[in-house]
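The values are calculated or read from the model by the stated rules, or taken from the named source; none is laboratory data. A quick note: this is a predicted structure, and the numbers were derived from the prediction, not measured. Glycine gets a Cβ as well: all are built from the backbone with ideal geometry, and neighbour counts include every protein chain shown.
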Amino acid sequence: MRSSRRDYLILTLLAIAVSWFLLKLAYLPVYQSALTVITILAIAYWWLLQRFAVRIPVSVMFLLVVAVEVDGIGNIFGLYTTRFRYIQYDEYSHCLVPLLVMPAVVWAVATILEMVKARIPFALVCIFSFTVVFSLSAFYEVLELWDDKYMHPVPGMRIHGPYDTANDLQWDMIGMALGALLAYKLLKPYSFARVPKVQQVAPVIQEPVDV
């Protein structure tokens, strides 16, 4: 099934909505962040189901909601400003969020490959998804830079020190590796997309019959 202009428009609007959501996530109350991510997931679920007959697994959507609430919990209990002995909550969240997001990206990549009838080992799907999530994490760090540099009168609200971005990406990478293992165990036994498949029927060759 070919994508139409409407599909590209919906994808563009979803990308803009997710980018805006990530930019404002640090300042949203927990209930607003939860409602926003549930709304975005509901729209994506409906569009994929209606357009491509693909269902996003409930477990994947649940992990995405939990990933968003990791940040909200830290804000409610003041964990970002609390000093811990070994690992700070910001580092913990940068590890946990990619871990929870990875199954969704693995599912999306595997589903797209199935729709285009590409067959590659599932372990390779997980490795490729690792690179996708790392790129998304880097994009989030760029959003933090824009927010800190251009949207606050006093820089330093989002980026704390010269090593903050590199340290965040380091913990992101650890979470991605663990998330890839989680996705491999969680999703490998199941079919990813409910895409109609054409059965391959071998031609029947008949020998000529003498009349």
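List of remarks:
- Selection over region 1-40 of residues that are among the charged types (D, E, K, R) and farther than 23 Å from residue 114 by Cα gives a count of 1.
For every residue, the table says whether it meets (1) surrounded by 14 or more Cβ atoms within 10 Å (Cβ to Cβ); (2) among the aliphatic types (A, V, I, L, M); (3) more than 19 Å from residue 71 (Cα to Cα).
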residue	(1), (2), (3)
123	no, yes, yes
126	yes, no, yes
139	no, no, no
144	yes, no, no
158	yes, no, no
164	yes, no, no
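- Scanning region 1-41 for residues that are without any contact (Cβ under 8 Å) to a residue 12 or more places away in the chain, under 15 Å from the mean Cα position of the chain (by Cα) and over 20 Å from residue 142 (Cα atoms) yields a total of 1.
- Enumeration of residues in region 8-49 that are loosely packed, with under 14 Cβ neighbours inside 10 Å and among the small types (Gly, Ala, Ser): 15, 19, 42
- Segments classed as helices (runs of 4 or more DSSP H), wholly inside region 77-187, with at least 2 members that are more than 30 Å from residue 48 (Cβ to Cβ) and among the hydroxyl-bearing types (Ser, Thr, Tyr): 89-115
- When residues of region 142-196 are limited to those that are modelled with pLDDT of 90 or more and charged (D, E, K, R), the one farthest from residue 26 (Cα to Cα): 172
- Checked against the criterion of being surrounded by fewer than 17 Cβ atoms within 10 Å (Cβ to Cβ), at negative phi and in contact (Cβ under 8 Å) with a residue 40 or more places away in the chain, the candidates 151, 115 yield just one match: 115.
- Considering region 81-112, and only residues there that are buried (at least 16 other Cβ atoms within 10 Å of the Cβ) and of a type in the set (D, E, K, R), the residue that is modelled with the lowest pLDDT turns out to be 90.
- Flag if residue 78 is exposed (fewer than 11 other Cβ atoms within 10 Å of the Cβ) and more than 27 Å from residue 116 (Cα to Cα): yes
- Number of the condition not met by residue 52 [criteria: (1) within 15 Å of the chain's Cα centre (by Cα); (2) crowded, with 16+ Cβ neighbours inside 10 Å]: (1)
- Flag for residue 122 being under 11 Å from the mean Cα position of the chain (by Cα) and touching a residue at least 40 places away in the same chain (Cβ under 8 Å): no
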